[in-house]
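Asks: To start, I am sharing the structure in question, which I have written as structure tokens.
Derivation of every value follows stated rules applied to the coordinates shown; laboratory data play no part. What you are looking at is a predicted structure, and each value in this text was computed from that prediction instead of being measured. Cβ: placed from backbone, ideal geometry, glycine included. Neighbour counts: every protein chain shown.
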Amino acid sequence: MKILTTVKEVREYVKEARMQGKTVGLVPTMGYLHEGHGSLVKKSVEECDVTVVSIFVNPTQFAPNEDFDAYPRDLEHDVKLLTECGADVVFHPEASEMYFPDATTTIVPDVLSKNLCGKSRPIHFGGVCTVVGKLFNIVTPDKAFFGQKDAQQLAIIKRMVRDLNFGVEIVGCPIIREEDGLAKSSRNTYLNPDERQAALCLSQSVKLGKEMAQAGEKNTKVILDAMIAHIEKEPLAKIDYVQSVDAITMQDVEEITGETLFAMAVYIGKTRLIDNFIV
Ligand code: AMP
């Protein structure tokens, strides 16, 4: 597996692969990889001849009060995991390689980014779209792989690709969980043992809501109230949001008629965790 740090090196690698008639898959990540990331990489390895994984803690998607500096980083561990998963290239640029100091052009997603996480993280999805758009232009992948764990991100990226005619197919991949149900996340590492236990209220409420929907409950308020009541039983948990939205438009829905996303962000202590399910 090659570790590349410059845009030029990646372009040359991809050009060479293309000359050999190979297809290219991209898995964008912020590193500190776990099996959730690994599942995306394995899917790309299955579906594409060459897999490029980017590891870049993107400063522009963090607000000043967020955890950019504290975000966990461990390249050695990541390289080991990616080698085992069969990735071909790690693209690990410095911020100065990705951003010109006088850059003035960004991608700003509109209405899809105003709800859910976008409400409490107003600059987040602009940063995500800009960096993912740049990665698409640098790597020119045939397919790019994103986790359903970040459901709003996946919806926004799909819309960006459609709206701006990026020539890439977006593949959504299921949420990978710990054995006890907690969705795997690089941020789980922030949790102390009590918080780790408390964090189970997210996946438990996902399970509860899913069961209610599968049993035929169509009124989303009934489902959300039950999910919220479950989370509120946990003293270490503080809800940012628990909402039901149309899975494509990210607009609130009160009745399950089409594909509906139930999504939540919950603080466990100082750590903000997310989880979701779609019915
Ligand atoms: P991140 O490094 O957190 O930016 O995540 C990189 C990619 O991995 C995103 O597409 C995430 O949705 C995906 N991902 C993160 N955690 C999981 C998980 N537990 N299951 C599936 N995909 C995940």
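Asks: Before we move on, is ILE157 β-branched (Val, Ile, Thr), under 12 Å from the mean Cα position of the chain (by Cα), outside any helix (DSSP H, G or I) and within 9 Å of the ligand (Cβ to nearest atom)?
Replies: When the stated conditions are applied, ILE157 does not pass them.
Asks: Quick one: what pairs do we get from the range 161-179, first residue outside any helix (DSSP H, G or I), second among the β-branched types (Val, Ile, Thr) and surrounded by 11 or more Cβ atoms within 10 Å (Cβ to Cβ), C-beta under 7 Å, 6+ apart or different chains?
Replies: VAL168/VAL161; ILE170/ILE157; ILE170/VAL161
Asks: Would you point out which residue out of VAL45, VAL27 is within 14 Å of the ligand (Cβ to nearest atom), touching a strand residue (DSSP E or B) at 6+ places or on another chain (Cβ under 7 Å) and hydrophobic (A, V, I, L, M, F, W, C)?
Replies: On inspection, the qualifying residue turns out to be VAL27.
Asks: Identify, please: which residue in the range 97-129 is in contact with a strand residue (DSSP E or B) (Cβ under 7 Å, 6 or more places away or on another chain) and assigned to a loop (DSSP other than H, G, I, E, B) and is, among those, surrounded by the fewest Cβ atoms within 10 Å (Cβ to Cβ)?
Replies: Top of the filtered list is ASN115.
Asks: For the range 177-207, which positions are more than 16 Å from the ligand (Cβ to nearest atom) and surrounded by fewer than 16 Cβ atoms within 10 Å (Cβ to Cβ)?
Replies: ASN192, PRO193, ASP194, GLN197, listed by residue number.
Asks: Considering only residues that are farther than 15 Å from ALA87 by Cβ and surrounded by fewer than 19 Cβ atoms within 10 Å (Cβ to Cβ), which ones fall in the range 36-59?
Replies: VAL57, PRO59, listed by residue number.
Asks: Now, a different point. Tell me which of these GLU195 doesn't satisfy, since it passes every other one: (1) in contact with a helix residue (DSSP H, G or I) (Cβ under 8 Å, 6 or more places away or on another chain); (2) under 23 Å from HIS37 (Cβ atoms).
Replies: Tallying (1) in contact with a helix residue (DSSP H, G or I) (Cβ under 8 Å, 6 or more places away or on another chain); (2) under 23 Å from HIS37 (Cβ atoms), GLU195 fails exactly one: (1).
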